[in-house]
Amino acid sequence: MTIDRASQALHKESQLILISEDFSGHRLDWFIKLIHLVGKRDLAVFAVDASRLNYDTVDFEIEICSDFKSKHDLIKFIGKNQVKATLIFWDGDNWLFEMFRLKAPIRALVMRPYLASKSLRDLAVFLIKHVTMLFLKKFKSIEFAYLAIPFCTVGKRRNYWVDDDLLIDLECLKVLRSRRSLNLGKQKFKILVPGYISERKNPKLVIDACKVLSNNSQAEFELMFQGKVEESLKVTFAANERSWLNVQDKYFPRSEYLELLNEADVVVIPYSNIASSGVAVECIALNVPLIMLQNYRWNGAASQEGINLRLTELNVDQLANILNEVLSSSLGQREEFDFRYTQAQTALNFLIEGQLKGST
């Protein structure tokens, strides 16, 4: 899409324009689902970096403009136009101050609405962010929605909460779950850490826990890191080479990624997660056992009957013990859990349709 065509899109009342920095992580999967949900309605994309879309085999048939050097450049371009289209932000908390410069219908999803910690810095950031959103909502009529952690009680606050979309087609989900048949004769277990692997995600914690597991357990296992690996971590993986360690440094297409999740005996998310997690949502739907770092906001999901979610401290021995318990129990009968939403809307439905009438 040329700049001229981008200007024309801004002048169309029926147009939805997705504003995004890039398409890293689950953003690409959200984008594919967004296209599916929008259907015949007009949809365009303004992005700083849309390079990841060029490597995907899907023909999106959506007009995309990425002729912008920065967020500032993108917002400056929009600000020069009379905007009749609706702008949608799926990571609205990263664009709050840019929204001050826009005069347009806007819907914004807040991806990380929770307080990260009780440190003075995090408290200050949290308060500034929420005061800014309150101002934008009142004086610029921007619609905000907050992405809820699955089964987390959000109380009676007047914020508008939405569920994380399950990005698995229901027919595909049914097929995948049918493959997770009971196998009492299993000889080797798969421990999976999926997605982009960075230092922040504590890969060494899982490696060290598996060293303890290897010494103290009779179970034969394979620890798999499957996803792009941060350059600085490649030395760490090389230094911890073991027969049971398997690192695949590449991006997996969606279909392969879902197969990897479904074939795992346990998935580990070894980092502090203060927001919803697409991987966690998919594991819950697939009935894949899941281990995450302790966070009270995930207690609701962990307490749901049928969800095999265990929470651990940032501790090697505790993680090793939980891994051993999960692998041991995987030989028994698994409980079934039918995935369900708990909020009135999902995130993508909010971005497309706006807040449900009568909802606070």
Only one of (1) outside the structural domain of LEU87 (by TED's automatic domain parsing); (2) modelled with pLDDT of 90 or more does not apply to VAL175, and that is (2)
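If I go through the stretch 1-43 residue by residue, how many of them are part of a helix (DSSP H, G or I) and over 26 Å from GLY278 (Cβ atoms)? Before the answer, list the steps.
Here is the first cut: in the stretch 1-43, the residues part of a helix (DSSP H, G or I) are 3-10, 27-38.
Remaining after also requiring over 26 Å from GLY278 (Cβ atoms): 3-10.
The qualifying residues number 8.
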Any chance SER66 is in contact with a Lys or Arg (Cβ under 8 Å, 6 or more places away or on another chain), in the same structural domain as LYS140 (by TED's automatic domain parsing), among the small types (Gly, Ala, Ser) and closer than 24 Å to LEU167 by Cβ:
no
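If you scan the stretch 87-97, which residues turn out to be farther than 15 Å from VAL131 by Cα and either free of Cβ contacts under 8 Å to residues at least 60 places away in the same chain or crowded, with 20+ Cβ neighbours inside 10 Å (or both)? Outline the logic, then answer.
The first filter runs over the stretch 87-97 and keeps only residues farther than 15 Å from VAL131 by Cα, leaving 87-91.
Scanning the stretch 87-97 gives LEU87, ILE88, PHE89, TRP90.
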Which of (1) touching a residue at least 60 places away in the same chain (Cβ under 8 Å); (2) surrounded by fewer than 18 Cβ atoms within 10 Å (Cβ to Cβ) does GLU305 not meet, given it meets every other one?
(1)
The stretch 294-345, residues that are in a loop (DSSP other than H, G, I, E, B), at pLDDT 90 or above and more than 25 Å from TRP161 (Cα to Cα):
GLU313, LEU314, ASN315
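The values are calculated or read from the model by the stated rules, or taken from the named source; none is laboratory data. Quick caveat: nothing in here was measured; it's all calculated off a predicted structure. Every residue, glycine as well, gets a Cβ built from its backbone with ideal geometry; the counts of neighbours run over all protein chains shown.
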